Amino acid sequence: RVSWAHVRPAPPDPILGLNEAYLADTDKRKINLSVGAYRDNQGQPWVLPSVRRAEELRLQNEDRHHEYNPITGKNDFVRNAVALAYGEDLCAARHIAAAQSLSGTGALRVAAEWLHLYFKGNPVVYLPQPTWSNHPAIFHKAGLQTRTYRYFDTRTKGLDLKGMLEDLDHAEPMSIVLLHACAHNPTGVDPSRDEWGEILEVINHWQHLVVFDMAYQGFATGSVERDAWPVREFVRAGHQVMLAQSFAKNMGLYGQRVGCFSMICQSEEERGACESQLKKIIRAMYSSPPGFGSEIAGTILADSNLKAQWFKELEEMSGRINSMRMQLYTLLKDKHHLDWPHVKQQIGMFAYTGLGAGHCQKLAADYHIYLTLDGRISIAGLNDSNIEYVADSFAAVAK
Ligand code: PMP
């Protein structure tokens, strides 16, 4: 007889569990700083006007249908997504195999499967410590082992470059190294261009394979070009990187699951072979990607006016986040004499405050402010109406 009696409940997801606690809280002051999704200055989700416009255009299209997508997604979307990441020049100069993916997570999952099947080096993925909490599980699911390299310096609350270089230097040659392209989650700490240069050198020396996770292109600095610089720099240096792109944050298409997986190959022949094997991997996992979200993203990327509008909206989102970051720093310093320079030095959607698990629990229980127990806050959850209350509460628990 079939029985599932041996199945024990899985531990709740740390972030989604917090969201449930937030929803159940009836206090009017409650604030959710745990979920990494953009909110406007009224605390509301924002549908980008460029996305709205692209939606309208799609719906007006007489030829629209609900046929299957090709296994690797719509060609135009994939070509434009890849060009956004690498830039037109590198796209012309390299042989890039690519496929539309189920957002960033799906791209990483395809990468993991690919590496498990075809990577001939050391099948161990080095992840930054700390990293996005889903990374280890994604690679384990494909049968790969993961290890960590030092990344965050708890003393300076900045990059532990020395530790990182040492760990990458001691990894077995031809290992797999996952790098966050920009706006590192959860720390908000990105290497400078000089530091990237040193990282590149060690990786070059040991011939490690790099998997770039770029979930926040345009979110760090407001510029898709600047944020993609590390990826392009590695490719210019001759690396055959793999790349996971997501349009969840930068287009606000979270639930539409729009992303792209790509990998640099050495020849057209190799690209063709790799793409045909990618199709086989995808066919068995989910057959083909969904349509509507990638049509929206594809419409924006293909239309120069809409694309220009989207770039402005990206600046608006990253600008609002940055302004909240500065205000939080200033409030803590001027009103509460707490000097937290890391809050203003970090970049992207998150700040890694340095608050401990006990502080975070107290913030939820006594102040109705929800953040992950590692002290990470989503800056996008701050706005003109709640920032002072948040600063006051942080100061109250931190002192
Ligand atoms: N990588 C990182 C570093 C992330 O922060 C996220 C989103 N939290 C993802 C990948 C994947 O997001 P999605 O699958 O929604 O694109």
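Results, tabulated for the structure shown:
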quantity	calculated
Ordering of 216-224, 388-396 by packing [mean C-beta count within 10 Å, highest first]	216-224, 388-396
Binned Cα-Cα distances of region 42-147, short to long, each 5 Å bin given as a whole percent	2, 9, 13, 15, 17, 17, 13, 8, 5, 2, 0
Listed residue pairs exceeding 26 Å between alpha carbons, taken from Lys120/Lys279; Lys30/Lys335; Lys30/Lys141; Lys141/Lys307; Lys74/Lys280; Lys333/Lys362	Lys30/Lys141; Lys141/Lys307
Cα-based Rg / Dmax (Å) for region 280-399	19.4, 59
Simple spin-label estimate for His205 and Leu16 in nanometres, 7 Å along Cα-Cβ	4.3
Under 18 Å from the Cα of Lys312 - lysines, other chains or at least 8 residues apart	Lys249
Alpha-carbon centroid distance for the pair region 156-190 / region 239-298, whole angstrom	25
Residues Ser385 and Arg147, FRET efficiency given R0 of 56 Å [Cβ-Cβ distance, rounded to 0.05]	0.80
Estimated FRET transfer efficiency when R0 is 35 angstrom, pair Trp229-Ala137 (beta carbons, to 0.05)	0.75
Descending Cα extents along the principal axes, the chain, whole Å	62, 60, 57
Spatial extent of region 105-168: Rg and Dmax, with the Cα atoms as the point set, Å	13.2, 40
Net charge dipole size for region 197-243 [Lys, Arg +1 and Asp, Glu -1 on Cβ; Debye, nearest 20]	120
Rel. contact order, % - alpha carbon contacts under 8 angstrom, at least six apart, the chain	26
For Glu315, Glu20, Glu113, order by how many other beta-carbon atoms lie within 10 Å, fewest first	Glu20, Glu315, Glu113
Semi-axes of the equivalent ellipsoid for region 1-90, Cα gyration tensor, largest first, Å	36, 26, 17
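Where a number appears in this text, it was derived from the coordinates with a stated rule and is not lab data. This structure is a prediction, so every number in the text was calculated from the model and none was measured. A quick note on method: Cβ atoms are made from the backbone with ideal geometry, for glycine too, and the neighbour counts reach across all protein chains shown.
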